[in-house]
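Working notes, beginning with the structure itself.
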Amino acid sequence: MTQFEPEIYFYDSRKTEDVFKIHDYNTCLKNGILICPNILYFLVKGTYWKTLKDTSNFGINEKEKDNYEAIRRFFDFVRSKNPSNFNVFITPHIFTKFIHLIRNDNQVSDSHRKGIIKLFSEEFDYLNEEEIKRQEILQSSVFSEKLYGISETALLILKSRKQTPCIFSTSGKILSEYNEDFLFISFDEIVSFIKEDMRRSH
């Protein structure tokens, strides 16, 4: 499976070779989007920021805002094409890392941290969590031989349970050696594309 090309998907290219790519993209997207902890963090923190009437005392920088906006626009676009088949997946390991990121975010006060966690518990009905046992991680060659992190290993194990899903991640390591049976969506490329698209539209 080739790497996701945002301009082909978002601009709905009608070139013959691109039509086939878009068909493959939509098939993979319907099979589920597996996300890493960083994307979950940017998504939830940004969503919380958008709920605030007064954002002056909420610690979120411009890069985090751009990251959130890119994820939101990407997810909204995917959902518009596949409204009944929009599913995002995490594992307990990814959830744990997300909580760690929120708790260690020095920009966020305790009251806002509680608000973020409350929002996460009440919203995001499209987010699904799948259990991965400790032994699955420890016995994975990706973890034991390649020395990948637990979150990356969890994504690859979860990927093996799906039929050609997507992995949407800030880590390029996953793509470097394991890119045959899933669609890799580069977070950096999505952010760059969305920022450029917004610039052109203004």
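Read the figures in this text as sums done on the coordinates, not as results from a lab. Quantities reported herein were computed from a predicted structural model and do not represent experimental measurements. Ideal geometry is used to build each Cβ from the backbone, glycine not excepted, and the neighbour counts take in all protein chains shown.
Segment 100-164 and segment 1-80 have their alpha-carbon centroids 18 Å apart. Along segment 123-134 the Karplus relation, 6.51 cos²θ - 1.76 cosθ + 1.60 evaluated at θ = phi - 60°, assigns HN-Hα couplings of 10, 6, 5, 7, 8, 10, 10, 10, 6, 10, 6, 3 Hz to successive residues, with x for each Gly and Pro. Based on Cα contacts under 8 Å between residues 6+ apart, segment 16-125 shows a relative contact order of 40 percent. Residue by residue, segment 184-200 carries 3J(HN,Hα) couplings of 8, 10, 6, 4, 4, 5, 5, 4, 4, 5, 5, 4, 5, 5, 5, 4, 5 Hz when phi is fed to the Karplus relation 6.51 cos²θ - 1.76 cosθ + 1.60 (θ = phi - 60°); x denotes Gly or Pro.
Hull surface divided by four, with the convex hull built on the Cα atoms of the chain: how many nm²?
Working: hull surface 49.2 nm².
It is 12.3 nm².
Taking 0.36 nm per intervening residue step and subtracting the Cα-Cα distance, what contour gain separates residue 76 from residue 52 on full extension? If you can, show how the numbers build up before the last one.
Details: separation 24, 0.36 × 24 = 8.64 nm, distance 2.07 nm.
Between residue 76 and residue 52, full extension yields 6.6 nm more.
Charge dipole of segment 1-49 (Cα centre as origin; +1 on each Lys and Arg Cβ, -1 on each Asp and Glu Cβ, all else neutral): 200 debye, rounded to the nearest 20. Listed by chain and number, the aspartates and glutamates whose C-alpha is less than 16 Å from the C-alpha of residue 21, apart from same-chain residues fewer than 8 away, are 5, 7, 12, 180, 181. Computed from point charges on the beta carbon alone (+1 for Lys and Arg, -1 for Asp and Glu), the dipole magnitude for the chain about its Cα centre is near 420 Debye. Counted residue by residue at 0.36 nm each, then reduced by the alpha carbon distance between them, the extension gain from residue 15 to residue 3 reaches 2.5 nm. Packing here is the average count of other Cβ atoms within 10 Å per residue, and on that basis the peptides 39-50, 137-148, highest first, run 39-50, 137-148. Each residue, residue 138 and residue 107, gets one label point 7 Å from its Cα in the Cβ direction; the gap between the two is 3.8 nm.
Mean projection of the Cα convex hull over all viewing directions, computed for segment 50-142: 8.2 nm².
Amide H to amide H, with H built 1.01 Å from N, residue 34 comes under 5 Å of 89, 166, 167, 168, counting only residues 5 or more places away or on other chains. Residues whose amide H comes within less than 5 Å of that of residue 4, counting only those at least five positions distant or on another chain, are 184, 186 (H built at 1.01 Å from N in the peptide plane). Coupling constants for segment 151-162 follow from the phi torsions by the Karplus curve (6.51 cos²θ - 1.76 cosθ + 1.60, θ = phi - 60°), and in residue order they are 5, 5, 4, 4, 4, 6, 5, 4, 4, 5, 8, 9 Hz; glycine and proline get x. Listed cross-link partners 50/81; 118/162; 50/114; 63/97 are compared with a 26 Å cut-off, the Cα-Cα value being larger for 118/162. Would you look at the GNM of the chain, springs on alpha carbons closer than 10 Å, and say which of 165, 92, 37 moves the most? Residue with maximal mean-square fluctuation among 165, 92, 37: 92.
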